[in-house]
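See structure below.
The values are calculated or read from the model by the stated rules, or taken from the named source; none is laboratory data. Model, not experiment: these values are computed from the prediction. Counting neighbours? That spans all protein chains shown, and the Cβs are built from the backbone with ideal geometry, glycine included.
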Amino acid sequence: MENKFNLTREQNIFIAKRNIVDYIWKSANLEGIGVTYPETQAIYDGGIVNGLTVDKIIAINNLKYAWEFILENKDIDYDYKTLCHIHKLVADKLVLDQELGRIRTTPVNIGGTSWKPQFPIESQIKEELESLLNQENKTKTEIAIEIMLSVMRRQMFIDGNKRVAMLFANKIMIDNGCGIITIAQENQETFYEKLIKYYETGDMQDLKQWIYDTSIDGIELNNHE
């Protein structure tokens, strides 16, 4: 699974900033936060949007702050601590304070399936992250997708797991100039079908390949003289 894009970190950040509202809008809708693109743009710009719940506005602003964190901080480790910090940003004011940045201690249900994730164990998450990151035979793109899917299936947190997982994966992608993982609106139904299958079986190969084929954004640079 080759890297689709070979950018500098600065080039990748430029792309992310240029399309940031689109990425936030798609990410929000992926977790059932129903907002339109114009509403997302207005919230991002600090405007007033009538007809939206307070929680939706908070969720969009939280995604804005989380994106700013991964774009503006270069020397951050891809570790458990960073996952927890991203959750604090994503879920602020949306979950209880004692649940912010902490692995969940209550069971969760997954819509569309009877499968239930096990309770997350900090040591297992740290070990799995380290193992996935240190795969010398795989590209950063493949590693980022695998980590994203692993974090989603773990369901570490009481809420916001897909947002956290995608932001964390995109931190890896951007730092290594590999583009940006983003699920287009028209592909979200297919994504959920494949995600449920992955949750139930633990086999990520089909979903990983589908994300690679359909859901990596970037630009081709022409370096010809």
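Structure values in brief
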read-out	value
Residue list for the stretch 172-194, restricted to those being surrounded by 22 or more Cβ atoms within 10 Å (Cβ to Cβ) and not β-branched (Val, Ile, Thr)	173, 178, 179
Residues located in the stretch 156-167, provided they are touching a residue at least 40 places away in the same chain (Cβ under 8 Å) and crowded, with 23+ Cβ neighbours inside 10 Å	156, 157, 160, 163, 164, 166, 167
Any hit, the stretch 61-82, residues being touching a Leu at 6+ places or on another chain (Cβ under 7 Å), crowded, with 18+ Cβ neighbours inside 10 Å and more than 19 Å from residue 171 (Cα to Cα)	no
Conditions (1) closer than 28 Å to residue 56 by Cβ; (2) modelled with pLDDT under 95: number failed by residue 118	(1)
Selected residue (criterion: nearest to the chain's Cα centre (by Cα)) from residues of the stretch 16-34 that are at pLDDT 95 or above and of a type in the set (Val, Ile, Thr)	24
Sole exception among (1) in contact with a helix residue (DSSP H, G or I) (Cβ under 7 Å, 6 or more places away or on another chain); (2) modelled with pLDDT under 95 for residue 86, by number	(2)
